[in-house]
Amino acid sequence: MAWNTLDNMDMDGKNVLIRVDVNVPCENGKVLDATRLDRIAPTVLEVLAKGGKPILLSHFGRPTRGFDLALSTQQVVPALAHVLNRRVHFASSCIGQVARDSVETLPDGDVLLLENTRFHAGETRNDRGFAKDLAALGDIYVNDTFSTAHRAHASVAAIAELLPSCAGRLMEEELSALTAALSKPERPVLAVIGGSKVSSKLELLRHLIGPMDQIVIGGGMANTFLAALGHNVGQSLCEHDMQDTARAILEEAKADNCEIILPLDVVTAREFKEFAENQTVAADACPRDSMILDAGQKSIENICKHLDQVKTVIWNGPLGAFEIPPFNIATDTVALKVAELTEDEKILSVAGGGDTVAALKKSGAADSFSYISTAGGAFLEWMEGKTLPGVAVLIDSAAST
Ligand code: ADP
Ligand code: MG
């Protein structure tokens, strides 16, 4: 798999359309968290340094029918100018005369941000006509938003077929990290899959059996597997109608030589609340009136012992109800172990998922992971082995040049 990067493109004097994600949390027109803007800065500044004119394209929120002032990208202009330390101009439409005029009059060294692409119905329909209108503004297309790569939208997919295209630095970083962890990992490779439900991660589990050597199943979804093995799980979160599926996954894994690591012991409580009275019991001994809220000490030690033997770790889903202490212990302990092994350069570690990122940050382990993907849906679809339209077009574009 190959894609062009900023290194392969001649940008001098060119109008460079950069698909970014400026969809940051805002309140009353003020940016509350500029993390996403910080992350696109390297690409924009590099394009400027190479003599290109950066023209930024982005969606913002989910407009339902055309223009909506609350979802205008204009509100991020001051924060973007601050992050980039450059003048940022704004075009009140991303296509047509207004946009063309703004591009033509853009002074060298300045940046242009176009209005929300989703104000046009053609964006989410991946409409080729709309993509042509966008492409008419630039000579080169750069996609720097992995987080939207799973959507076949015009500014992500169709446009890349119309212009010489490449990945921005942020996109490149994410693609390299995910490829290293999943497509050609150094072995043995272990996945930690937790979270609440088997049903939401079924495709993920199925897909991982092939590429993984070991899969740790934790969190609420482990309960369904314990039930499938005939264990009583009391009042635990458990999808009893998924037991056949869980058994099928265990069979498939066995046939494919992928070791499934389930909890050996579990922490149970009668109530789902902070510091609820709790006890640790064997995985087949959850009291009928209790629920499993975390993995126990033996399970943690077992997971850590496996981690000592592997070279690559990929993680999605917490091992327990980490939001309510002390049921964060398994997630935190295992996260810190992965962090330590990563710091010691014994493993490469990649993690992603909304709650996973929150849990890893809370545990203090996140900064030591090799890569934390904030891409949410795109990260999960990548892990599930799906082709992401925004990535596929970059690969096609590189192949045709
Ligand atoms: P992600 O967003 O990272 O993909 P999920 O949404 O699949 O993760 O799962 C996270 C949720 O799973 C958390 O809210 C956590 O409290 C819950 N969870 C994990 N283990 C348990 C459990 N044993 N019982 C109830 N909820 C659990
Ligand atoms: Mg979640």
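For every residue, the table says whether it meets (1) at pLDDT 95 or above; (2) open to solvent by less than 10 Å² (accessible area, probe 1.4 Å); (3) assigned by TED's automatic domain parsing to the domain that holds LEU56; (4) out of contact with any Asp or Glu (no Cβ under 9 Å at 6 or more places or on another chain).
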{"position": "SER102", "(1), (2), (3), (4)": "yes, no, yes, yes"}
{"position": "THR105", "(1), (2), (3), (4)": "yes, no, yes, yes"}
{"position": "GLY109", "(1), (2), (3), (4)": "yes, no, yes, yes"}
{"position": "LEU113", "(1), (2), (3), (4)": "yes, yes, yes, yes"}
{"position": "PHE119", "(1), (2), (3), (4)": "yes, no, yes, no"}
{"position": "ARG125", "(1), (2), (3), (4)": "yes, no, yes, yes"}
{"position": "ALA136", "(1), (2), (3), (4)": "yes, no, yes, yes"}
{"position": "ASN143", "(1), (2), (3), (4)": "yes, yes, yes, yes"}
{"position": "THR148", "(1), (2), (3), (4)": "no, yes, yes, no"}
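For residues in segment 339-360 being over 22 Å from ALA378 (Cβ atoms) and in contact with a helix residue (DSSP H, G or I) (Cβ under 7 Å, 6 or more places away or on another chain), which is nearest to ligand 1 (Cβ to nearest atom)?
First pass over segment 339-360, keeping only residues over 22 Å from ALA378 (Cβ atoms): 339-347.
Then drop every residue that is not in contact with a helix residue (DSSP H, G or I) (Cβ under 7 Å, 6 or more places away or on another chain), which leaves 339, 341-343, 347.
Values: ALA339: 17, LEU341: 21, THR342: 19, GLU343: 23, ILE347: 20 Å.
If we take residues in segment 339-360 being over 22 Å from ALA378 (Cβ atoms) and in contact with a helix residue (DSSP H, G or I) (Cβ under 7 Å, 6 or more places away or on another chain), then ALA339 is nearest to ligand 1 (Cβ to nearest atom).
Looking only at residues that are hydrophobic (A, V, I, L, M, F, W, C), within 14 Å of ligand 2 (Cβ to nearest atom) and buried (at least 21 other Cβ atoms within 10 Å of the Cβ) in segment 358-379, which one is nearest to PRO211 (Cα to Cα)?
Step one: of segment 358-379, the residues hydrophobic (A, V, I, L, M, F, W, C) are 358-360, 365-366, 369, 372, 375, 378-379.
Keeping just the survivors that are within 14 Å of ligand 2 (Cβ to nearest atom) gives 358-360, 375, 379.
In the following step, the residues that additionally are buried (at least 21 other Cβ atoms within 10 Å of the Cβ) were identified as 359-360, 375, 379.
Details: ALA359: 25, LEU360: 24, ALA375: 21, PHE379: 16 Å.
Here the answer is PHE379.
Going by the structure shown, is ALA222 open to solvent by less than 10 Å² (accessible area, probe 1.4 Å), away from ligand 1 (no atom under 14 Å from the Cβ) and not in a loop (DSSP other than H, G, I, E, B)?
Values: open to solvent by less than 10 Å² (accessible area, probe 1.4 Å): yes; away from ligand 1 (no atom under 14 Å from the Cβ): no; not in a loop (DSSP other than H, G, I, E, B): yes.
Considered against the rule, which asks whether it is open to solvent by less than 10 Å² (accessible area, probe 1.4 Å), away from ligand 1 (no atom under 14 Å from the Cβ) and not in a loop (DSSP other than H, G, I, E, B), ALA222 comes out as no.
Has segment 334-352 got any residue that is within 16 Å of ligand 2 (Cβ to nearest atom), in the same structural domain as GLU274 (by TED's automatic domain parsing), crowded, with 21+ Cβ neighbours inside 10 Å and touching a residue at least 60 places away in the same chain (Cβ under 8 Å)?
no
Which ones in segment 225-248 are surrounded by fewer than 23 Cβ atoms within 10 Å (Cβ to Cβ) and either within 16 Å of ligand 2 (Cβ to nearest atom) or in a loop (DSSP other than H, G, I, E, B) (or both)?
LEU229, GLY230, HIS231, ASN232, GLY234, GLN235, SER236, LEU237, GLU239
From ASN328, ASN302, grab the single residue that is within 11 Å of ligand 1 (Cβ to nearest atom), under 19 Å from VAL216 (Cα atoms) and assigned by TED's automatic domain parsing to the domain that holds VAL189.
Working: ASN302 fails: within 11 Å of ligand 1 (Cβ to nearest atom).
Going through ASN328, ASN302 in turn, just one is within 11 Å of ligand 1 (Cβ to nearest atom), under 19 Å from VAL216 (Cα atoms) and assigned by TED's automatic domain parsing to the domain that holds VAL189: ASN328.
Return the residues of segment 206-219 that are touching a helix residue (DSSP H, G or I) at 6+ places or on another chain (Cβ under 8 Å) and either within 12 Å of ligand 1 (Cβ to nearest atom) or part of a loop (DSSP other than H, G, I, E, B) (or both); say none if nothing qualifies. Outline the logic, then answer.
Here is the first cut: in segment 206-219, the residues touching a helix residue (DSSP H, G or I) at 6+ places or on another chain (Cβ under 8 Å) are 206-209, 211, 214-218.
Answer for segment 206-219, where residues must be touching a helix residue (DSSP H, G or I) at 6+ places or on another chain (Cβ under 8 Å) and either within 12 Å of ligand 1 (Cβ to nearest atom) or part of a loop (DSSP other than H, G, I, E, B) (or both): PRO211, ILE217, GLY218.
For residues that are in a loop (DSSP other than H, G, I, E, B) and out of contact with any strand residue (DSSP E or B) (no Cβ under 7 Å at 6 or more places or on another chain), scanning just segment 25-35, find the one that is most open to solvent (accessible area, probe 1.4 Å). Steps first, please.
Within segment 25-35, the subset in a loop (DSSP other than H, G, I, E, B) is 25, 28-29, 32-34.
When the remaining residues are screened for being out of contact with any strand residue (DSSP E or B) (no Cβ under 7 Å at 6 or more places or on another chain), the result is 25, 28-29, 33-34.
On the way: PRO25: 68, ASN28: 154, GLY29: 40, ASP33: 71, ALA34: 32 Å².
Filtering first and then ranking leaves ASN28.
How many residues does segment 36-69 contain that are among the hydrophobic types (A, V, I, L, M, F, W, C) and open to solvent by 70 Å² or more (accessible area, probe 1.4 Å)?
To start, the set of residues in segment 36-69 that are among the hydrophobic types (A, V, I, L, M, F, W, C) comprises 37, 40-41, 44-45, 47-49, 55-57, 60, 67, 69.
Filter once more, so that each one left must be open to solvent by 70 Å² or more (accessible area, probe 1.4 Å): 49, 67, 69.
Counting residues in segment 36-69 that are among the hydrophobic types (A, V, I, L, M, F, W, C) and open to solvent by 70 Å² or more (accessible area, probe 1.4 Å) gives 3.
In segment 275-306, which residue that is within 29 Å of the chain's Cα centre (by Cα) and open to solvent by 80 Å² or more (accessible area, probe 1.4 Å) is farthest from ILE215 (Cα to Cα)?
Keep residues of segment 275-306 that are within 29 Å of the chain's Cα centre (by Cα), which gives 292-296, 299-306.
Subsequent filtering for residues that are open to solvent by 80 Å² or more (accessible area, probe 1.4 Å) retains 301, 305.
On the way: GLU301: 15, LYS305: 13 Å.
The residue in question is GLU301.
Restricted to segment 169-205, and to residues that are assigned to a loop (DSSP other than H, G, I, E, B) and within 16 Å of ligand 1 (Cβ to nearest atom), which residue is modelled with the highest pLDDT?
Kept after step one, since they are assigned to a loop (DSSP other than H, G, I, E, B), are these residues of segment 169-205: 184-188, 194-198.
This time we only want the ones that are within 16 Å of ligand 1 (Cβ to nearest atom), so: 194-198.
Values: GLY194: 96, GLY195: 92, SER196: 90, LYS197: 84, VAL198: 84.
Out of the qualifying residues, it is GLY194.
Please verify whether segment 6-13 includes one or more residues that are at pLDDT 95 or above, in a helix (DSSP H, G or I) and polar (S, T, N, Q).
Residues of segment 6-13 at pLDDT 95 or above: 6-7, 9-13.
Cutting the leftovers down to in a helix (DSSP H, G or I) gives us 6-7.
Remaining after also requiring polar (S, T, N, Q): none.
No.
Pick from segment 168-222 the residues that are within 16 Å of ligand 2 (Cβ to nearest atom) and among the basic types (Lys, Arg): which of them is farthest from ASN143 (Cα to Cα)?
Taking the candidates together, the pick is LYS197.
Please name all residue pairs, on different chains or six or more residues apart, with Cβ atoms under 6 Å, provided the first residue is in segment 304-320 and is more than 16 Å from ligand 2 (Cβ to nearest atom) and the second residue is assigned to a helix (DSSP H, G or I) and open to solvent by 10 Å² or more (accessible area, probe 1.4 Å).
Sorted first by the residue in segment 304-320, then by its partner, the pairs are CYS304/LYS337; LEU307/LYS337.
The values are calculated or read from the model by the stated rules, or taken from the named source; none is laboratory data. Computed from a prediction, not measured in an experiment: that's the story for all the values here. Every residue, glycine among them, receives a Cβ derived from its backbone with ideal geometry; neighbour counts consider all protein chains shown. These area figures cover heavy atoms from the full protein model, side chains too; ligands, DNA and RNA do not enter into them. Shrake-Rupley method; radii C 1.70, N 1.55, O 1.52, S 1.80 Å.
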